């Protein structure tokens, strides 16, 4: 059963110190000297900020690049290094992404063992958003607050955070007190503010409205510079490439994030390619998010984090695509 | 009971037992079948040449001890495999994919249509048919190669299979030794005996496109046609995304598709 | 800094745009995070940026010094290797004189590295034989813009693109080579800005242009002059600007009279009508930004083409105002900085001419040394001198001339001819294979220092990856200097930057401390009190008045004939960088573009019966390569294009021996060629 506590904002850094001293590895959003917020290992609690980071936590459980195994003298040696850690200060759009990754990577016929190891070793301390962010559109999907899938969830209620606890593992009486009905109401209000501030997109039945044969794909394709940012920044993208690297008499098999906006992604030997131009590649990306995954899993493969919009050098905007196919202008 | 999962991305190391040349650019490799599993006709394996990489390969024939695969040299991976010799080690995992639903074809007439290096999956079907010959009706195999020297599995096509089924061959470019039919594989379609057959087509996408077109012209229903597709594959287990065809993962939901199911996919029959 | 995470910020090592990103490490895997706060990339990166650590983490990195033993190399300690280098260089200098050694610096190294290296050459060895690859890419910019404006650098800032109403691009495949600038141009066009592109290829940016002038390579001057001609005739010019801020107009006017649209069209094969339309579009524009790149600079008339662009900008007062100006898109991430630091055979730090004894005195005082007045050998001249036996030793940092310089076969012979060759690099490059001693250097990601981008932005980088073994370039040079009897006591790159603050006036206020306070950099000139400069030449050109140059098109150096009916031009592609050393070591980048090709127009291919993907031979008077054909509708008829990244298709063996007489840049972009089916 979920329990509800609260913690004073003054005590947050002390609580983080406590967790660090307990020996936990902690990853979370930290402020850099240059002013940006990045999701990184937290060495000093002072660095922590309650803000959405540029990158998010995906790479902690699904690294940009990892060794699947080593091959030496005819033997295959599996890579198994991992640590127990807390992801502290994640956002709902990010952890909702984990849930979607779980469906693909863990719940099919085959499990992705490496992901499972990292995922099951990660304790989630989520921070629900109480303010709309510039590019986000989470209220079109799950909204700013998680219903489950966390250990603790923090919600800003002014001087304190309301803390929802799915389990007691990280609850320490020294820092947490009981929450009142009023605190709970305040939290609800703050969450509702996001719904008021944020535009909700006409997502309903988009899978039936979107079309292959439309000028929009060529138009966006003419702009796309194949940087891969929409994939690399996405909390729900999971496509990867696999390749070997030879070091002396050892061979490493590596898996690395891939991007469906790259020509080589679908290219077969002999330079045959079923997906030759940018328009086709954009269709694949948007259809995967808005159509194919819905058909296969019953929900859209998007959590409305807005990173693909923010990081696209030529401002290709999934919100515009959704609105366009729902009868809007581009 | 809790199911114990193993890391599916780890191959088993297996020995190459025998290598024989099929054509100037195609070789057959006989590998140890370490797992003893007998794959279903039309399934595939991921094969590793360590240090170069991993790629999908269909099997042509299998028993408890051996797996037979046939590979055309087209890229880096296949090129590296060609460099290996007997007793060398490769990595293998699988079998993956759905394979042909061959049990469902019981009692039916079957037409196998193959082009070029698309023949191994059809050979795996032929192995099944030859072991269960009386469970099927009239069986035809139509096979087209670029030239006589590009015909794969000559012994099977010319000697073994004609004993049990009707085999028809054609080449695009004949040489002086060739006395048979000349033309692309669809030029053999007038010799199809039963249009109520199940049609299994494996070959280059362009050949499959025209085969489907010709069959439909003759009144064959889309649901009578099965295709085995080839796409870039990196995991083989329905995750990495390279083989996506619309909502399908060719590695997991295919590689065999009943044509009516994928007929509207825009990336089908590319090229 | 109490409450922020420091020092994991760095700058992309590929092109000169200067995008910033952070690096974090999770369980052994490094993640690149684009810096939102950077006014340059604003949280975005191109595909090379996202893969900027791949080569850093490559298994091929050199970790220990290597010493030649016969035909192979053996590992050595730093002490051993440095002793050999110091002793051998001293011996050669003492035996053959100071000018017997050539130093090639690196536009991939930091300002501090470059500064120290040129000082090493000039102070310790007493030679101006120090140069770097700017000679091969933008020496014509340095010359051309200094002559026209007084400063050889981009006159405006990248952020000015936003509000320009016309962007005028000459010879730049912007989305492939400077993708983030390219993306900003795309965004400006989406907002309504006009775009003119002069390029023999229908590049992505050209496909988005209002007007694309698809000319023959090497015919920019007649088009630019014709546009100027129309502007004056139609009275589109800014007379006030011309009268008060410039000189040389009358002479210029006289020369360009003969450049009618008809004349320009005949030379360039661009329809007359398009030239007139482009002139009108420019004539009506209020704020125009010019961009150009190696399509302009790497020509026998490179300097003059730069001057022709400057002329066009000045005609309408498009210099020194917001959202106007002339923007050379430099190649390497620090080619601007390496030039600023005087890693050029004719310039001391801060663009002081080596023969300008008055200006030089100030630097000589700080260095406590006399600097020779004779300009040194340029990169290409060094190899010529080595071939002739005049140059006895070379010290090459982070360059791969065996692939990137003209005529690799001669470069190889030149290197073999040397008594002693030191190569300082990350990898055992094609060039390093000729070395006597190879010193393993740190990459951008492992060191502190500063880079200067194409918009003159000086940015500090921090170590974000740790690799044991290699040393910073400046550190290696400092250790050598001490062995040669100089008590150089730089302990940190900041110590060197402080000296740069003294020596280079443009960098006076870019102190280590200030650059920490401004993590996304300051644009030079930075005054002593820390004021940066977004736009150059605001009220006054650096040289006083802007100067019109009466430039003429001199005709083709190589005329196409029945034997060689094509113009072959060379260039780079999106996924690769220079000689490929860095990008072939990235799995994804290499996968995207694994092999070289020759691009040929579909009609030309039809006539010659060439099929897509088929191997062909491309021949010029100077050499031949075997390469796959790529049939394309994007390239102009009669033109062939081969990318220069692939060492197995050494396209630089095909180019001629011609050089721009002013900047001494080789003609890479025009050579008569033929194509043969194999």
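The values are calculated or read from the model by the stated rules, or taken from the named source; none is laboratory data. For clarity, every value in this text was computed on a predicted model and none was experimentally measured. FYI the Cβ positions are ideal-geometry reconstructions off the backbone, even for glycines, and counts take in every protein chain you see.
Couple of notes before you dig in:
- Any chance residue B:52 is within 19 Å of residue B:119 (Cα to Cα), surrounded by fewer than 22 Cβ atoms within 10 Å (Cβ to Cβ) and within 14 Å of chain A (Cβ to nearest Cβ): no
- Sole exception among (1) within 25 Å of residue C:576 (Cβ to Cβ); (2) in contact with a helix residue (DSSP H, G or I) (Cβ under 9 Å, 6 or more places away or on another chain); (3) modelled with pLDDT of 95 or more for residue C:206, by number: (2)
- Scope region C:450-474; condition more than 30 Å from residue C:531 (Cα to Cα), surrounded by fewer than 22 Cβ atoms within 10 Å (Cβ to Cβ) and touching a strand residue (DSSP E or B) at 6+ places or on another chain (Cβ under 9 Å); matching residues: C:465, C:469, C:471
- Check on residue A:249, closer than 30 Å to residue C:209 by Cα and surrounded by fewer than 17 Cβ atoms within 10 Å (Cβ to Cβ): no
- Looking only at residues in region A:1-34 that are more than 14 Å from chain C (Cβ to nearest Cβ) and closer than 23 Å to residue C:27 by Cβ, the one that is surrounded by the most Cβ atoms within 10 Å (Cβ to Cβ) is A:19.
- Of the set (1) buried (at least 16 other Cβ atoms within 10 Å of the Cβ); (2) more than 10 Å from every other protein chain (Cβ to nearest Cβ), all apply to residue A:181 but (1).
- Annotation note: Cβ proximity below 6 Å between a residue of region C:591-614 that is more than 14 Å from chain A (Cβ to nearest Cβ) and a residue that is exposed (fewer than 14 other Cβ atoms within 10 Å of the Cβ) and assigned to a helix (DSSP H, G or I) (sequence gap 6+ or interchain) occurs for no pair.
- The set of residues from region C:480-506 being surrounded by 20 or more Cβ atoms within 10 Å (Cβ to Cβ) and more than 29 Å from residue C:85 (Cβ to Cβ) comprises just one member, C:506.
- Of the residues making up region C:29-52, those that are more than 7 Å from chain A (Cβ to nearest Cβ), in a loop (DSSP other than H, G, I, E, B) and touching a residue at least 12 places away in the same chain (Cβ under 8 Å) are C:38, C:39, C:40, C:41, C:51, C:52.
- Note on region A:255-287: among residues that are over 16 Å from residue C:594 (Cα atoms) and in a loop (DSSP other than H, G, I, E, B), the one that is farthest from the other protein chains (Cβ to nearest Cβ) is A:277.
- Among the residues of region C:630-664, those identified as in contact (Cβ under 8 Å) with a residue 40 or more places away in the chain, outside any loop (DSSP other than H, G, I, E, B) and more than 18 Å from residue C:404 (Cα to Cα) are C:635, C:639, C:640.
- Only a single criterion out of (1) within 14 Å of chain A (Cβ to nearest Cβ); (2) in contact with a strand residue (DSSP E or B) (Cβ under 9 Å, 6 or more places away or on another chain) is not satisfied by residue C:561, namely (1).
- Listed by position, the strands (runs of 3 or more DSSP E) contained in region A:47-91 that have at least 3 residues being touching a helix residue (DSSP H, G or I) at 6+ places or on another chain (Cβ under 9 Å) and over 24 Å from residue B:90 (Cα atoms) are A:85-90.
- Selection status of residue A:222, more than 9 Å from chain B (Cβ to nearest Cβ), surrounded by 14 or more Cβ atoms within 10 Å (Cβ to Cβ) and at positive phi: no
- Residue satisfying all of: in region C:178-223; closer than 21 Å to residue C:600 by Cα and within 13 Å of chain A (Cβ to nearest Cβ); surrounded by the fewest Cβ atoms within 10 Å (Cβ to Cβ) among these: C:207
- Residues that are under 19 Å from residue C:354 (Cβ atoms) and out of contact with any strand residue (DSSP E or B) (no Cβ under 8 Å at 6 or more places or on another chain) do occur in region C:125-132.
- Of all residues in region A:106-135 being within 12 Å of chain B (Cβ to nearest Cβ) and in a loop (DSSP other than H, G, I, E, B), the one that is surrounded by the most Cβ atoms within 10 Å (Cβ to Cβ): A:112
- Criterion violated by residue C:73 - all others in (1) at pLDDT below 95; (2) part of a strand (DSSP E or B); (3) surrounded by fewer than 22 Cβ atoms within 10 Å (Cβ to Cβ) satisfied: (1)
- Flag not set for residue C:182, criterion: on the phi > 0 side of the Ramachandran plot and in contact (Cβ under 8 Å) with a residue 12 or more places away in the chain.
- Residue-level check: of (1) without any contact (Cβ under 8 Å) to a residue 40 or more places away in the chain; (2) in contact with a helix residue (DSSP H, G or I) (Cβ under 7 Å, 6 or more places away or on another chain), residue A:116 misses just (2).
- Listed by position, the helices (runs of 4 or more DSSP H) inside region C:228-272 whose residues that are in contact with a strand residue (DSSP E or B) (Cβ under 7 Å, 6 or more places away or on another chain) number at least 1 are C:239-245.
- Test: residue C:24 is farther than 29 Å from residue C:432 by Cα, within 14 Å of chain A (Cβ to nearest Cβ) and buried (at least 24 other Cβ atoms within 10 Å of the Cβ): no
- Across region C:134-146, a minimum of one residue is classified as surrounded by fewer than 24 Cβ atoms within 10 Å (Cβ to Cβ) and touching a helix residue (DSSP H, G or I) at 6+ places or on another chain (Cβ under 6 Å).
- Unmet requirement for residue A:229, which otherwise passes all of (1) within 21 Å of residue C:187 (Cα to Cα); (2) surrounded by fewer than 22 Cβ atoms within 10 Å (Cβ to Cβ); (3) touching a strand residue (DSSP E or B) at 6+ places or on another chain (Cβ under 8 Å): (2)
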